[in-house]
1. Summarise the partner chain shielding of A:306-318 as one whole number: the mean count of Cβ atoms from other chains within 10 Å of each residue's Cβ.
2. Please give, to one decimal in nm, the separation of the simple spin-label points placed at residue A:393 and residue A:255, each 7 Å out from Cα toward the Cβ.
3. Could you calculate the FRET efficiency of residue B:215 with residue A:376 from 1/(1 + (r/R0)^6), where r is the beta carbon distance between them and R0 is 56 Å, rounded to 0.05?
4. Counting only protein heavy atoms and using a 1.4 Å probe, what share of the accessible area of the range A:67-246 belongs to carbon plus sulfur, as a whole percent?
5. Pick out, in residue order, every one of the GluC sites (Glu not before Pro) in the range B:1-104 that is DSSP loop and has at most 12 other C-beta atoms within 10 Å; say none if there are none.
6. Kindly express, to the nearest 10 degrees and within the range 0 to 90, the angle between helix B:74-83's C-alpha long axis and the longest C-alpha principal axis of chain B.
7. Probe radius 1.4 Å, ligands and nucleic acids left out: which of A:318, B:89, B:63 has the largest accessible area, and how do the rest follow?
8. Extension gain residue A:263-residue A:146, at 0.36 nm per residue separation less the Cα-Cα distance, in nm?
Amino acid sequence: MNFIEGLRLALESLWVNKMRSSLTILGVVIGIAAVITVVAVGQGGQAVLMAELQKIGTNIFAISVNWQEGEPLGEHDFTYQDIAVIKELVPEITYLAPTNYISAVVRGPKDKKPAQVIGTEADYAQIANVKVVKGRFLSQRPGTTRAVVVLDQALAEEIFGRLDPVGKRVTINNRPVQVIGLTKEEGGFLGIQTIKRIYVPLSFAQDISGQRIIQQMEGIVANREKISAAMAKAVIVLERRHNVKDRYKAISLEEQMKIAGKITGIITLIIGAVAGISLLVGGIGVMNIMLVSVTERTREIGIRLALGARRKDILKQFLIEAIVLCLAGGLLGIIIGAGGSMLVARLAKWPPLISFGTVLIAFAFSAAIGIFFGLYPAGRAAKMNPIEALRQE
Amino acid sequence: MITVKQLTKVYQSGKISFTALKEVSVAIEKGEFVAVMGPSGSGKSTFLNILGCLDRPTSGSYFLDNSEVSLLNEDELARVRNQKIGFVFQTFNLLPRLNILRNVELPMIYAGAPAKERRQRAQEVLNQVGLLEWAGHRPPEISGGERQRVAIARALVNQPAVILADEPTGNLDSRASTEVMTIFKKLHRQGTTIVLVTHEQEIAAYAKRILFFRDGQLIKEEIISVPPEVNNR
């Protein structure tokens, strides 16, 4: 008996018991659907993460000072001079800016809002791809203490209402400051509404926080391939200038994102594994029904043996039935899973990602479940004694 | 065609053993029509099961078509059942969910015959038993006598060396019985070897030789010379 005949026999018997067959595969359907959904949503999230990374730029990096516990501030801090020297000695770095991050409340004539204040310089606009929609960005004048701010457009609307904010005054933590420009922030990270960013000159930020240090530098390289070399060079320059080792740490945004990507990958894997357990339960269900089916069809098995079926033909027949059941369940599960992940994706606002690989694995896995859980019932069928089987009513 | 020597079958169940067949020796020639008779428990069914390679003898030898069957392994026995033996059962044993053509094709599927050849041959034997027009129907849609004729067609499909029939008319009324026996008679005329188990005298009368069993032993043989048509009336 060849495979096609075996398949035909299996389909015939499954078709006769349509109701039972569909109930049997339900467990596999749910299992596969769950796994597909989890993996698709997880991979979609990761893809969004990576796309976001592309948008922000894969050639951005940051250098910070590694503080030891209890160490006095000051000695190894970044200076304006450091930034200028690095820019001169490391030509791969096209823009480099100091950045201090402070949380503050910004108050306009209409309302007040919390905001993230970034103390920096003109270069930052190029590094972070800041889009100025009105007025201008900060100027490149190291050490300037001019009290100016570049506001986010949406934030400006909230605190000013319909007034044009450019040239007007607002306060940041009660310090008056003049609005010189408006920026437009796109979407926010992963579609989550983040707290708005506003930009002030570095020295002004230092005034607000009361700390006269530069927290970190952020820079951008023209050629993405050169980013590691550029970061290493910058660190060496800093180490020479401050005569210290292992104090400065440079990390590219890409590296940071990859770490985040790895974590989401692990989470996906864990949830996927839990969903996989339901698949196991589905497989046990298939085995259960196959055992019932074998018992019920004892006489059929006897007839087939009498007509010249070998034991392996009987084994094959029942095994193919189990595999066909599980594959049908897998197929249905993939379809439902695809639908489910689209639903989840719509709610989470990121595109689901059902890769060909996932579908292939799900299919192979359903077949494997069919073989694994079909083998025992099929073996029971094949071991029957033809005379006793024929006697069965 | 069939030669059995000192065929013995002992069923062992724990400490109790039961001798179902005791040193039966008989030879059946090609083209013979043999009936096997005896009360229930006489060993006639065991005898037929062994001839049909569904069971193995405890001792003794069984030659079918000049080959020693008791030495064959399971797969080889399956092949013998498939190629050399055509079974006809009392309860027909058709698969109710397959149509009649598929039922008849079944032995050829296990023989590995190509689909086209199967179809052709199955139609041929269905025609032989006069049921070709029912090929697309399922067994529950036809009468008992028709079902048994389908079973005979199925038994014939692989052109076996011998047809083994176990009480083929046991579940049929007399009219259907006659129909079925007429087919056996026709097959016999065409040269088919037939061994038929029955406990009905009228049915056995269709055969040319009757083997009588009692208590697992072959106790008597009878050659019938009267044509069954005459005998039946």
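The values are calculated or read from the model by the stated rules, or taken from the named source; none is laboratory data. All figures in this text were calculated on a predicted structure; none of them were measured in a lab. Positions of Cβ are backbone-derived with ideal geometry, glycine not excepted, and every protein chain shown enters the neighbour counts. Quick note on the areas: whole protein, heavy atoms, side chains included, nothing else; ligands and nucleic acids left out. Shrake-Rupley method; radii C 1.70, N 1.55, O 1.52, S 1.80 Å.
1. Taking the mean over all residues of the peptide, I get 6.
2. 7.9
3. For R0 = 56 Å, the calculated efficiency reads 0.85.
4. Within the range A:67-246, the accessible surface is 49 percent carbon and sulfur.
5. Answer in residue order: B:29.
6. Roughly 50 degrees between the two axes.
7. B:63, B:89, A:318
8. This chain segment gains 37.9 nm when fully extended.
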